[in-house]
Amino acid sequence: MNKEKLTNNAATILSLIAIFGFLVWANSYASPYVIQILNITAIYIILSTSYNLVNGVTGQFSLGPNAFMAIGAYTSALLTLTPLEKEITYIIEPIVSPLGEISLPFLPSLLIAGVTASIVAFLIAFPVFRVRGDYLAIVTLGFGEIVRVFATNAVSITNGSLGLKGIKQYTNLWWSWGWAVVTVFCLIGLVESSYGRAMKAIREDETAAQAMGINTFRYKMLAFIISAFFQGIGGGLLAHLLTTIDPKLFSFFLTFNLLIMVVAGGLGSMTGSVIGAVIFAWGFEILRWFEEPHKIGDISIPAIPGMRMVIFSLLLILIMLFFRRGITGRWEFSWDSLFNVLGRKIKLPKTS
């Protein structure tokens, strides 16, 4: 047993070294466009895995991650902007005190963004989890719209519809992928613990779990708060990648994209969320080819705007038809399963 654990740990360390080596290469030789997509991929991994903790693992149909992303993005951006930058940005109304005088480094601002999103999640969890199923989806959807409307109208805090501009581009491959690795390891560890088993029991049958002595509200709240923390971190990373944010960025469409990643990858599978995030980020860019004009011999094919959305929708329909539970279902990657597959394919010769 100890030998298997050492082998798994060694494989994990080697995989992390491989990721580190790839990031070093990409940071030196990849184009700015590829680096941008890699950063977005990492942020999508953070957001999709944390969203899957609530929707897939705990089985609670929430539609509010855009709200926590907005809270994290605005909190982190406001904390990293200097007093002079805030004075220049807020032209309609001056920023409220003491936000106008505060300026922090990137890491503390990210952590505060995650904690702020978690505190808001804790406060709204009490009324939110009084309902279940479709009603829960409607309530969390409404909360997302409340946050967006608040960001539009709270001019002295968020600068209203003008948004925040001139945010420093702190997010790079190290920040985004570092947080992605931390998020995946933390959430997988949580899912494989006794807390994760309790959350899965709630997903399968909440009434039965409650009858077995599981405090369902406590575990649902725990999943909701942890998910909000990482979504706040993801929002902060996104703000410092795009360098400009406004309320329209955090519409329900953002939640819908995350829902696609989670469902297509596999509800309840962190591995599936990672795969769904990678496919979504790179698939959208690869499908841009179908929107560009092409010439095949003497035949000229004009540009067709929106064609990639049509193709992407068809691919999603195929996934739902042939992979009812997503690409991975509820399967999680493990080194043992990989070694078993490789052991079947690579048959060693028998020794006499």
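Readers should treat all values here as calculations from the given coordinates under stated rules, not as data from a laboratory. Model, not experiment: these values are computed from the prediction. Don't worry about glycine lacking a Cβ; one is built from the backbone with ideal geometry, like all the others, and counts go over all protein chains shown.
Within 10 Å of each residue's Cβ, count the other Cβ atoms and sort THR89, THR7, THR49 from fewest upward.
Working: THR89 18, THR7 13, THR49 32.
Least crowded to most crowded, the residues run THR7, THR89, THR49.
Using Cα pairs closer than 8 Å and at least 6 residues apart in sequence, work out the relative contact order for the chain, in percent. The partial results should precede the final answer.
Working: 516 pairs, mean separation 95.8, N = 352.
With pairs under 8 Å counted, the relative contact order is 27 percent.
When ILE275, ILE19 are sorted by how many other C-beta atoms sit within 10 angstrom of their C-beta, beginning with the fewest, the order is ILE19, ILE275.
The listed peptides 300-311, 158-169, ordered by packing as a protection proxy, come out as 158-169, 300-311 (highest mean of other Cβ atoms within 10 Å first).
Counting lysine pairs in the chain that sit 8 or more residues apart in sequence, or on different chains, and whose Cα atoms lie under 26 Å apart gives 12.
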